[in-house]
Each structure stands twice: as C-alpha cells, then as structure tokens.
Amino acid sequence: MMGSWAFLNFIGMCLFILFQPETCLASVQFIGSIKPGFQGDQMHWIDNNGLFLLSNNSDFAFGFITTPDDVTLFVLSIVHVSSSKTVWSANRGTPVKNSDLFMFNESGNAILHSGGSIIWSTDTAKKRVSVMELQNSGNLVLAGDDGGIIWQSFSHPVDTLLSNQEFSEGMKLVSDPGSNNLSYFLEMKSGDMLLCANFDKPQPYWSMGQDNRKTINKNGAGVTVASIDANSWRFYDKNKVFLWQFIFSNSDTNATWAATLRSDGYITFYTLESGTSSNDSPTKIPADSCSRPQACDPYQICGSNNCQCPSALASKPNCRPDVASPCNRSKGSMELADAGDGLSYFALGFARPSLKTDLNGCKSSCLGNCSCLLMFFENKTGNCFHFDNVGSLQSSKESGFVSYIKILSTDGNGGDSRSGGGNKKHVMVVAIIVIITTLVILVLLFVGVRYYNKSNALPESPKEDSEEDTFLESITGMPVRFSYKDLQVATKDFSAILGRGGFGSVYEGILKDGTRLAVKQLEGLGQDILDSNLEMAKTDERVMVAIKVALWCIQDDMSHRPSMTKVVQMLEGLSPVPPPPMSSQLNSRLYSSFYKSVSEEGTSSAPSDCNSDAYLSAVRLSGPR
C-alpha cells in the first residue's frame, strides 16, 4: 500500500513538471548563449539574483539587478561577477518591476516590456539573428547563422568602457546625473576625444589632444578610434594607425582594466579582478579637479581645494544670481556685475568665441542676449564668450580675462523684480543729469563772455538826453551829434576803410538820407585819452555855467536879469543856473556865432573873427541889475 502511494506521488510530480516547464527551468542559468523564444522576468531567476545568462568563463553575467535607490526596481544589466560592478545597462534611467518581462523572441529581437510598453529593444527583428551570446570580454552579442555580429553592447556603451572595447566616432559615454542633475559625456569629435558637460548647449572641459600626459607615437590627421589595451588607452586614426597613448597605470599590465565616467565628471580607471578599490589607478581625467564643471556649486570659485563666492554674488542667497529663466522678463530687468579679477572658466580653452569686439561691445551683446548668463572677455584678443549655462568658476592669476555675471538690477522692487519701465527711469535720470550739467556750463560760458566783453568795452558816453545836450541841440547852427550805433550802421560796422592816420582808422559811411561821410575811429589811445576826456568834460561844464549866466545878464527884459549877488552865487556853484529863455534874437545869433567860432577854431580865417567881433561890439550890452 505504501509503495502504491509513493508511485502515485512520483507520477504526480512528473505531470506537474511536464505542465510547468517554465517554472522548472526558472532557476537554471544559461551558460554562454540563449536561443530565440526565451522570455522571463526577475522573479524567474530570483534564486540567482535575477541573473540568467553567464559568460563561458563566468566572469560576466546578464540579467536583472536592483537599483541603488530602490530594491523593488530593476535594471537589465551586464555585471562583472567577482567585483559586482555594472559595466553595461539596457534601461538605465527607466527601471522596471520584478514582474516586467524580458523577451528574446523568434524574430531575433530582444525586448524589455513594462506595463504593456517597450522600454528597450535591440531593433534586430527579421535580421536573421540566431543566437544571443555573452562573451568572455563582457560583450553581449546578437549573432547570425554565420557567426557575424548583428548587434553588440560594445557598440552601445553606457558609462563604462572595457578592455579591447573600441570607442569610435558616433559613440557616447554618458555618466549618471550628478548634483544639480547635470551629467557628462565623452565622445570622439573632430579628430580628438572630448569630455563635455551635458548642458542644453554642451560645454567641453577636457580633451585628450590638450592633455600633456599622453605620449605621441605618430602625428596624424586626427584620432577616430580608442581602446583600452592592458594599462593604457590607445588612439588610432581611421586607418587604424597608432597615434597616441595614454598610460594610466604602471602596474598590473596583464589585468583587465575598465574606465568609467562618473557622475562627478571624472573618468577613473580600475581593474576587474577584485571588488576592492585598492587596484584603482590614481590617474584621473581631468588631472585638475577645479577644471571640472561642478567642482564647486555653480558660480562659486574653485581654488586651492576650497570654494568661494565671487564678490558680485556675496550678498545673494546661496551665492546665486536668482536668474532661473533669463528670458522671462517678468522677473525684472538685468544688469552685468563684475565677477572680480583673476577668474577663468573650464570651457574657455575649448569653446569658440561668441564674437570679436571690445569690452563694451561684449557687455552690450550679453545684455541683448537674454540667454547669456556669464560673460568672459579677453583684452589681448578681443574674444568675447557668452555662456547660457554656468558651472563653477576657476581661480586663475594669469587668465587674461575679465568676467561679468548677469543679475537682477539692484534698483528693482525688493531686489528681485522691477517694472518694465525700469530702464526708462534709469535713462531719464541720466538724461536729466546731462541736461542740467549742460545748462550750467552754458550759463557759466555766457556770464564769462559778458564779463569779458564788459571789461574790454569803452565807457559809454553820457546819455544824449542830458540837460546840457538838450540845451545845445536847441541852439541853431550847432554841429550834428551821432550815436555810436548810428555810425556803426552808416559804416556797415566799420567795414570800408579809407585810410589810417594818427590815433585810428578812417572809414567810409553813408547816412540814411544818402549823405556820404568819413568817420574816424580812435584806436589804441587807452586810458590817457579817457582821462583827458573826463578832464575836458569838467572844463566844458564850467564854461557852460558861465555862458548860461551871461545869457541871463543880457536879457532884453531888464526884469529877467539877475542881481550881482545872484550872479556870483551861480558862478561859484552855490546856486543852480536854470536854462535862460531863448526868445531874444540877440541871444540866438550871439551863441550861434560863438559856437561856430569854437568849432572852426584853428581853421577859420581872420576876417571871420573880425566880423564876429564887429558884430559883438554893435550889441548893446548891460550888466546885471
């Protein structure tokens, strides 16, 4: 009876195995290769840590491994077994669950599904793929019936290069995102190997061509292929001619080396023989830690193994300019702040200048370009560099550059915003200052010119409407008096010169009535003539007083004649002398003849003098009452 029950249990187990082949094979790892028609998820190989394919030498394994941040999420990867280091991943950045399915279907395509969507694929359907192999080098290969490689992981590197893995133009090595979610990539370009910060516009920060640690085996047109061979990185041209060599270790020449681009921007080299870091090479790329894009936080200055905030941002929170979206004008207007002296930037040695100009042109160009956040200008060459993404700065005493950081204008509202008319307000203030300064200068010039002209002008003649002038003009036969302005008009501002003589020049003039005359303008007489004129004026004044008194004394009407006492007082200036009445024909003729004789003195003939005396003797004169 017991034997019957044992037989029945055996039969039941066999039937269970027959109807559950997938479950039975789930824990069995494949060695070397897998045929099309394979599928499974992480749970099928949970007993083997999710790894379902081993290389023939068991150094490498292919399967599902957990992510560092979440053990419930998985990445389809190739790992080095003894060191547990991941050397390649299919779905980095998009991990799957333990129930998501990997398939190597009958059409020869390898696919990773998640939630009904294709996460990753080799795109090799209907390309006559007959086998999937994991080679001893760590290369995952899809091959055809003839053994030819149709697809391989070595042609699609992630962040690691293995020994004898060719890295050529068109390939990229991309790091995991680091701080500030920035990643880095390595590529072959323009005959060189470049290491770049993966900004929206990539910024190079290292090249093998500029690294002085390399040795040159042969000069050529440029490198196109590189591969790790023993303890060195070897570079070849398109014809496989060996050009450069970069030796990263002086030991373990027979070890299996790998190079990884890390999330901190370094390329490091290590052996895969053990899981310890003792066999890691001290050689890193780049050699200078401050030449990495994020050796410090963005905008901070890296130097002497420490980070400092530039003076332009010392008052800003977290040493940031708070310009998250520079082309968003709603935050306010921008200005350029001097970042300080002795600064450099990791990309300056590799980037092309934005333009060639002077410093003001470079600053204006950056202010006019809303995406420009950082500006460097080289005085010696006139090269102007604009950067729309900013990493850490470098301290450099011999950089030869001046640098400016774009920040929000300091006169904005609260320091972080300003209305669109902020620039207009600034311009208006400047314009007002310029206008006021100009007006002050003009007023000073006007006052200076007036003072100069006044100090050099001749004193004006007494006013024409003085009492003496009015009196003399009332006498018939007096010479005609002209103002200086009238003479200036008549001579057309003394333009037609007739000749020169003592004390001045003679000019031709024409009066308004057409009368032609000659006008002599005194020149160079100076203060002596002015003083003489003043003295003569005093003498003429005494003569005028005597004439007026005499006219009072010869009035026809005896009642008008002053007493002798009054005459004495008037002559001595003790009493004013009023203008005498001119109704008498005698008075008019007498003083007309008198002034005529005075004006003709030195030129008139003797008979005219005799006639004047004869006339005066005929006049009946009488003294005062």
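The values are calculated or read from the model by the stated rules, or taken from the named source; none is laboratory data. What you see is a predicted model; the values in this text were computed from it and never measured. Every residue, glycine as well, gets a Cβ built from its backbone with ideal geometry; the counts of neighbours run over all protein chains shown.
Structure values in brief
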| quantity | calculated |
| --- | --- |
| Neighbours by Cβ (under 7 Å, 6+ apart or cross-chain): first from the stretch 557-579, small (Gly, Ala, Ser); second surrounded by 10 or more Cβ atoms within 10 Å (Cβ to Cβ) | SER563/PRO624; SER563/ARG625; SER575/LYS566; SER575/GLN569 |
| Residue that is surrounded by the fewest Cβ atoms within 10 Å (Cβ to Cβ), among those in the stretch 174-195 that are assigned to a strand (DSSP E or B) and among the charged types (D, E, K, R) | LYS189 |
| Residue match in the stretch 124-146 (condition: in a strand (DSSP E or B), in contact (Cβ under 8 Å) with a residue 12 or more places away in the chain and among the hydroxyl-bearing types (Ser, Thr, Tyr)) | yes |
| Residue tally, condition aromatic (Phe, Trp, Tyr), within 16 Å of GLN165 (Cα to Cα) and crowded, with 19+ Cβ neighbours inside 10 Å, over the stretch 236-273 | 5 |
| Test: residue in the stretch 217-232 that is modelled with pLDDT under 95, among the acidic types (Asp, Glu) and out of contact with any Gly (no Cβ under 6 Å at 6 or more places or on another chain) | yes |
| Single unsatisfied condition, MET103 versus (1) at pLDDT 95 or above; (2) assigned to a loop (DSSP other than H, G, I, E, B) | (2) |
| Top-ranked residue in the stretch 319-349 [being over 13 Å from GLN300 (Cα atoms) and of a type in the set (Ser, Thr, Tyr); ranked as modelled with the lowest pLDDT] | SER330 |
| Residue in the stretch 98-105 that is under 30 Å from TRP233 (Cβ atoms), surrounded by fewer than 20 Cβ atoms within 10 Å (Cβ to Cβ) and touching a residue at least 40 places away in the same chain (Cβ under 8 Å) present | no |
| Residue satisfying condition, being farther than 30 Å from TYR184 by Cβ and either surrounded by 15 or more Cβ atoms within 10 Å (Cβ to Cβ) or in contact (Cβ under 8 Å) with a residue 24 or more places away in the chain (or both), within set GLY115, GLY108 | GLY108 |
| Some residue of the stretch 145-165 being within 18 Å of PHE235 (Cβ to Cβ), polar (S, T, N, Q) and under 41 Å from the mean Cα position of the chain (by Cα) | no |
| Which listed residue, of SER130, SER121, SER114, SER89, is out of contact with any Pro (no Cβ under 8 Å at 6 or more places or on another chain), more than 17 Å from PHE60 (Cβ to Cβ) and at pLDDT 95 or above | SER121 |
| Condition broken by ALA295, with the remaining ones in (1) surrounded by 14 or more Cβ atoms within 10 Å (Cβ to Cβ); (2) out of contact with any helix residue (DSSP H, G or I) (no Cβ under 7 Å at 6 or more places or on another chain); (3) in a loop (DSSP other than H, G, I, E, B); (4) modelled with pLDDT of 90 or more satisfied | (2) |
| Filter result for THR437 (in a helix (DSSP H, G or I), modelled with pLDDT of 90 or more and surrounded by fewer than 17 Cβ atoms within 10 Å (Cβ to Cβ)) | yes |
| Strands (runs of 3 or more DSSP E) contained in the stretch 196-265 and holding at least 1 residues charged (D, E, K, R) and either touching a residue at least 40 places away in the same chain (Cβ under 8 Å) or under 30 Å from SER392 (Cα atoms) (or both) | 225-229 |
| Candidates PHE185, PHE154 - the one that is farther than 27 Å from SER99 by Cβ and in contact (Cβ under 8 Å) with a residue 60 or more places away in the chain | PHE185 |
| Enumeration of residues in the stretch 364-386 that are within 9 Å of the chain's Cα centre (by Cα) and surrounded by fewer than 19 Cβ atoms within 10 Å (Cβ to Cβ) | SER364, SER365, LEU367, GLY368 |
| Residue count for the stretch 66-91, restricted to those that are in a loop (DSSP other than H, G, I, E, B), within 21 Å of PHE269 (Cα to Cα) and out of contact with any Gly (no Cβ under 7 Å at 6 or more places or on another chain) | 1 |
| Subset of the stretch 147-166 that is out of contact with any Leu (no Cβ under 8 Å at 6 or more places or on another chain) and part of a loop (DSSP other than H, G, I, E, B) - its residue that is surrounded by the most Cβ atoms within 10 Å (Cβ to Cβ) | GLN165 |
| Any hit, the stretch 352-361, residues being basic (Lys, Arg), out of contact with any Ser or Thr (no Cβ under 8 Å at 6 or more places or on another chain) and not in a loop (DSSP other than H, G, I, E, B) | no |
| Some residue of the stretch 77-85 being buried (at least 20 other Cβ atoms within 10 Å of the Cβ), among the polar types (S, T, N, Q) and within 20 Å of SER155 (Cβ to Cβ) | yes |
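Residue-by-condition table, conditions (1) within 30 Å of SER315 (Cβ to Cβ); (2) modelled with pLDDT of 90 or more:
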position	(1), (2)
GLY382	no, yes
GLY391	yes, yes
SER396	yes, no
GLY400	yes, no
ASN413	yes, no
SER417	yes, no
VAL430	yes, no
VAL449	no, no
